[in-house]
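**Q** Quick one: structure below, then a few questions.
The numbers here are math on the coordinates, done by the rules we state, and not lab data. Quick caveat: nothing in here was measured; it's all calculated off a predicted structure. Using ideal geometry, Cβ is built from the backbone for each residue, glycine included, and neighbour counts are taken over all protein chains shown.
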Amino acid sequence: LGGRITGALRKMTNSTVIDEEALKEMLKEIAHALLEADVNIKSVVELRKNVTNRVNLEELAAGVNKRKLIQKAVFDELCSMLDPGTKPVQMKRGKPNVVMFVGLQGNGKTTSCVKYAYYHQRKGWKACLVCADTFRAGAFDQLKQSATKAKVPFYGSYTETDPVKIAADGVDRFRNEGYDLIIVDTSGRHKQEDSLFAEMEQMAQAVDPNDIIFVMDSAIGQAAHDQAQAFKSKVKVGSVIITKLDGHAKGGGALSAVSATESPITFIGTGEHIDEFEPFNTQNFVGRLLGMGDVSGLVNTIKEAGLHENVEMVKRITEGIFTLRDMYDQFDSLAKLGPLNKVMGMLPGMSEMMQNAKGVDGSVRIKRFQHIMDSMTVDEMENPKMNFTQSRKERIARGCGRHPQEVEELLMEYKRFSKVVGKVGKMSKKNMNIDQLS
Ligand code: GDP
Ligand code: MG
């Protein structure tokens, strides 16, 4: 999606005259991209209409930067579509807040419950978990295991078969024990939706939740709207969590979820790991959607990534330094979803480059590049200021049985990458204190 929209905007940037025709053309392209990204057709039509209304080309004074204006109109329009006009439910510390998670099976409820508990616990909440899924075999074990890892107290039963009773008992117990954030995980079976919804309604009645969070898998596609609406029509959904935004998800379903539930997105899941979970930030989300890069999100990810691996490299990237070795490692991790990959994906322009690097052609090319790098010296790999002479390039090519032209190509690619990293270095310096990383 990002690539296509960025492309449409770039086309605009390259064309000299911006008239009604060019605007129409650009909006058509953006509309296509949004549809492809699973944005609901109604929303797309609305966006087109609103942007067209907002940008009155004739009335714009000469000298006004029309392209910027259009770009901003699209950006703002997407932001306002993600804003339901209601605030997330406010929870009060020291009172027993009950939060119930709902959503279809496999959408990431249990994972998100534990992440949510862990997130709030680190912020000082007394959080706990109740497993009210008696439908899926092993549901309690799953919750138990991750809750134990996260050191969050939990409640559940191997023998009780009535999920409503478990929920009521668990919430009661934790209320009495003075917990201020009691999270209820529910089942989300497929197919038997009627009984699921009946169970959900009874449970909501029994535990009287302060908030009901609808958990939606970002990969669900055009079904997002109906699914979200189905849940909303049965229980009082107050907020939304979008999961699996780390995968190939297109993200457009997020807009549908907001409009169908009339509720704000509060968090997003960006991986299976417990801390791959962040508060939702509309502008960052839209920025990422549009491929504009997300500097503040980047800084957060870098901080978190820094806790796990390769602190040195992340540090250097934020300073704008990027070596051939970094590129080699980056190529290595393209297939994985490591934190580093996420960092790279958030660099402006980088996600596009990485997209190009994927696919069959891309991976053959990457293997070839790595092969060439294998015949370089440590200094060449690690000194970002290295100057390769023609004879040295030829020598490297001979060392790995490749054509000097390919070495040239690799170095060009490297230059492009390091230029982007350099820009980010400048941006991050403005936005963060590098010392906070360690
Ligand atoms: P539930 O049936 O709704 O409780 O869903 P689960 O929490 O059991 O999650 C289903 C699968 O999705 C599990 O394999 C999770 O590890 C995975 N999952 C959940 N959230 C995310 C996420 O944000 N990113 C990724 N990559 N996987 C996730
Ligand atoms: Mg579950």
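**Q** When the Karplus curve 6.51 cos²θ - 1.76 cosθ + 1.60 is applied with θ = phi - 60°, which whole-Hz ³J(HN,Hα) does each residue of segment 373-389 get, with x for Gly and Pro?
**A** Per residue, the Karplus-derived 3J(HN,Hα) values read 5, 4, 9, 9, 7, 4, 4, 4, 6, 10, 9, x, 9, 4, 10, 8, 7 Hz.
**Q** Given Lys28/Lys367; Lys165/Lys232; Lys92/Lys165; Lys49/Lys87, which pairs have Cα atoms separated by over 29 Å?
**A** Check vs 29 Å cut-off fails for Lys28/Lys367.
**Q** With +1 on each Lys and Arg Cβ and -1 on each Asp and Glu Cβ, and nothing else charged, work out how big the dipole of segment 150-230 is about its Cα centre, in Debye to the nearest 20.
**A** Working: 6 positive and 15 negative charges, 48 e Å.
Roughly 220 debye for segment 150-230.
**Q** So, one more: What list do you get for Val171, Val45 if you sort them by fewest beta carbons within 10 Å? Present the calculation step by step, with values, prior to reporting the outcome.
**A** On the way: Val171 26, Val45 12.
By the 10 Å Cβ count, ascending, the order reads Val45, Val171.
**Q** Right, next: Given H placed on each backbone N at 1.01 Å, which residues far from Lys126 in sequence or on other chains put an amide H within less than 5 Å of it?
**A** For Lys126, whose amide H was placed from the backbone, the distant partners under 5 Å are Asp180, Leu181.
**Q** About its Cα centre, how strong a charge dipole does segment 109-252 have in debye, to the nearest 20, once Lys and Arg get +1 and Asp and Glu get -1 at the Cβ?
**A** Values: 19 positive and 18 negative charges, 122 e Å.
Dipole about the Cα centre, nearest 20: 580 debye.
**Q** Quick one: Tyr118, Tyr158, Tyr328, fewest Cβ neighbours within 10 Å first, how do they rank?
**A** Tyr158, Tyr328, Tyr118
**Q** Starting from the Cα-Cα distance between Asn50 and Arg395, subtract it from 0.36 nm times their residue separation and give me the gain in nm to one decimal. All intermediate terms of the calculation are to be shown ahead of the outcome.
**A** Values: separation 345, 0.36 × 345 = 124.20 nm, distance 5.89 nm.
My answer for the length gained is 118.3 nm.
**Q** Could you list the chymotrypsin sites (Phe, Trp or Tyr not before Pro) in segment 214-281 that lie in coil according to DSSP, counting only those with at most 10 other Cβ atoms within 10 Å of their Cβ? Please report the intermediate quantities before stating the final value.
**A** Values: sites: Phe214, Phe231, Phe267, Phe277, Phe280; in loops: Phe280.
Here no chymotrypsin sites (Phe, Trp or Tyr not before Pro) fit, given the DSSP loop and packing criteria.
**Q** Identify the trypsin sites (Lys or Arg not before Pro) of segment 128-216 meeting these criteria: DSSP loop state and at most 16 other C-beta atoms within 10 Å of the C-beta.
**A** Values: sites: Arg136, Lys144, Lys149, Lys151, Lys165, Arg173, Arg175, Arg189, Lys191; in loops: Arg136, Lys151, Arg189, Lys191.
For trypsin sites (Lys or Arg not before Pro) across segment 128-216 that sit outside H, G, I, E and B with at most 16 neighbouring Cβ atoms in 10 Å, the list reads Arg136, Lys151, Arg189, Lys191.
**Q** FRET efficiency for Glu177 and Asp141, Cβ-Cβ distance as r, R0 = 25 Å, nearest 0.05?
**A** Values: r = 23 Å, r/R0 = 0.92.
With R0 = 25 Å, the Cβ-Cβ based efficiency is 0.65.
**Q** Further, regarding this structure: Using the structure shown, select from Lys123/Lys151; Lys126/Lys151; Lys95/Lys151 the pairs with a Cα to Cα distance greater than 18 angstrom. If you can, show how the numbers build up before the last one.
**A** Values: Lys123/Lys151 14 Å; Lys126/Lys151 11 Å; Lys95/Lys151 21 Å.
Cα-Cα > 18 Å for Lys95/Lys151; rest within.
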